[in-house]
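A short reminder: the numbers here are calculations on the coordinates, not readings from a lab. These figures come from a predicted structure and were not determined experimentally. Positions of Cβ are backbone-derived with ideal geometry, glycine not excepted, and every protein chain shown enters the neighbour counts.
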Amino acid sequence: MAKTLCKWKKKEIEKNVHELASIVDKPNFACKDCARAAHNKNYLCKPIKLPLSH
Ligand SMILES: [Zn+2]
């Protein structure tokens with residue numbers, strides 16, 4: 001399983017910016033700990049569903 005975005009370090013964000021772009025595109029979930037967003041809840045430590053429809 002992929003590491004959650006919540007655990008990404010600054011360097012990893014820079015290095016994986018293309019992967020990050022696809023993860024945060026059209027987000028369905030947000031993390032209620034750190035407010036990150038992702039299309040898949042597996043990328044977040046405390047996911048909550050966002051009330052959005054794309
Ligand atoms: Zn989090």
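Of all residues in segment 38-54, count the ones that are more than 10 Å from the ligand (Cβ to nearest atom) and touching a Pro at 6+ places or on another chain (Cβ under 7 Å).
3
Restricting attention to segment 30-45, report how many residues are in a loop (DSSP other than H, G, I, E, B) and touching a residue at least 24 places away in the same chain (Cβ under 8 Å).
Count: 5.
Evaluate the following for Glu19: is it of a type in the set (Asp, Glu), without any contact (Cβ under 8 Å) to a residue 24 or more places away in the chain and surrounded by 14 or more Cβ atoms within 10 Å (Cβ to Cβ)? For Glu19, the condition - of a type in the set (Asp, Glu), without any contact (Cβ under 8 Å) to a residue 24 or more places away in the chain and surrounded by 14 or more Cβ atoms within 10 Å (Cβ to Cβ) - is not met.
Exactly one residue out of Lys7, Lys11 is near the ligand (Cβ under 10 Å from one of its atoms) and loosely packed, with under 14 Cβ neighbours inside 10 Å, and it is Lys7. Residues in segment 17-26: is at least one assigned to a strand (DSSP E or B) and within 14 Å of the ligand (Cβ to nearest atom)? No: zero hits.
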